Each structure stands twice: as C-alpha cells, then as structure tokens.
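Structure first, commentary second.
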C-alpha cells in the first residue's frame, strides 16, 4: 500500500534554518621545509602545541620532581612562544593540547598507570603532587596548565588528553573540524612521544601535518629525535624551521 501523497509545503514565515557554512578566503603560503617546500592555506591551518605544561616543565612539576632533566624541554620555550605569537598575528588558531585526566582516573587502564609509575618509582596521574601543587595532571589543576612563560591567552584553545595522542577519545578532532582546519603545525614535547603520536593520528584522520623541528624537544637520545624527523618526512608530512614558517606568518598581505 502506498503512502498518501502530501501537498507541497510552503516555507513558513520567520528565520531560515541555514546549514550553509562560511568559507574563509584562501590565504596560501609557501615556505622551506623537508623533504620539499610546503604550501598551506593559513585560513585552514592551526598551531598545535603539545604538553608544554607545569607538571612536565616547572621545577615543582611531576617530571622534574621525579628526576627528569627538564633543561632540553624548557630550552624551546622562547621558540614556541615566538611561533605562537606569530600564529596569532596571522589569525592562525593556537591550540594547547595538554595531559588532563579525571581526578578519579576512571578513564585510565592499569597498563597506562603502570607505565606512568616507571616501575613503581614515582607517583602517577591524579596522585598528590610531591611538591604540594595539587594532583598530577588533573584537568583544571596547576599541573595541567600551560607554563606561564608561554603566555597562553584567553582566546587560545585548550584541549585535554589522557593518552599519548591528543586525538584519542578527546574532542580535538571536533574542535578542529568546526573551525574548518585541515592543516596542523606541531610544536611541543616530547617529539618522540605525545607530539609524534598526535601527529600520526592527525595524518591518519586526513590532516596535513608539519613539524616545527626547533620548537619540539625530548630528553631522549639524539638518534631518537633523528628517527622521528626521518619518519615524519618519509611517511606523514614535512618538517620545517620555525624561522621559515614565521616568515610567512608575519608577512604583510597586499591591501
């Protein structure tokens, strides 16, 4: 039995439900990179800065209190800040992706906690900070905040994660797609851990990826860093120097 036909409906008076999305005018930019120069659209690009937070960088933080040498990590703070300032000046969103776990650790399985404990030699996520700075990398608390030296601004975006990758089980992908972002420039720590994991997932999800070499760091041996740079250039995207990227971010567009 066929359903009865309905007469065509006239549009009701009042506001229109518009599903059209504004597409910003393209702002192409090309800069030196490896293995080849990169062209991207600044109107569809974001700077993603990973784990530049108190519990990894501040002397009172989790890692420094556990004996991790933070010197190679804090050394990139000026470069990361300069890159973030240049991105903002070019109307490129700055997105801080930090560890930020639940206070009850309900989302963290035992294997993650066991690795974080380094064989039982240090406290883990959501434990009390040894320096009395709240709980370790709990979302919203001191350890999960961007270090003051980086000058994070209220109009930047902060996304918390609870795995090495910033995309796993987080809102990062939705945040980016809602802003029409298709290309990501990565900075932060550690290049061989959370930065690389997040970059890989970004590439798997279809984003274009660029790694700012001198705005990333790790306490791991140099050969580990070199391996990551090799893999990014070979398989995922490109690497660049911050100065080359900042040159196009700060370039005045013709009136």
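Do we find that residue 159 is touching a helix residue (DSSP H, G or I) at 6+ places or on another chain (Cβ under 6 Å), at pLDDT 95 or above and buried (at least 17 other Cβ atoms within 10 Å of the Cβ) in this structure?
Values: touching a helix residue (DSSP H, G or I) at 6+ places or on another chain (Cβ under 6 Å): yes; at pLDDT 95 or above: yes; buried (at least 17 other Cβ atoms within 10 Å of the Cβ): yes.
Considered against the rule, which asks whether it is touching a helix residue (DSSP H, G or I) at 6+ places or on another chain (Cβ under 6 Å), at pLDDT 95 or above and buried (at least 17 other Cβ atoms within 10 Å of the Cβ), residue 159 comes out as yes.
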Exercise for the section: Check 78, 59, 24 and return the single one that is out of contact with any strand residue (DSSP E or B) (no Cβ under 7 Å at 6 or more places or on another chain) and at pLDDT below 95. Expected result: 24
Fill in the blank from the handout: residue 217 meets each of (1) under 21 Å from residue 33 (Cβ atoms); (2) without any contact (Cβ under 8 Å) to a residue 24 or more places away in the chain with one exception, condition (2)
Problem - Complete set of residues in segment 194-223 that are surrounded by fewer than 21 Cβ atoms within 10 Å (Cβ to Cβ) and within 20 Å of residue 99 (Cβ to Cβ) - result: 197, 200, 201, 218, 219, 220
Problem - Sole residue being touching a strand residue (DSSP E or B) at 6+ places or on another chain (Cβ under 7 Å) and over 18 Å from residue 216 (Cβ atoms), chosen from 157, 184, 199 - result: 157
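The values are calculated or read from the model by the stated rules, or taken from the named source; none is laboratory data. Please read these numbers as outputs of a predicted model, since none were measured by experiment. FYI the Cβ positions are ideal-geometry reconstructions off the backbone, even for glycines, and counts take in every protein chain you see.
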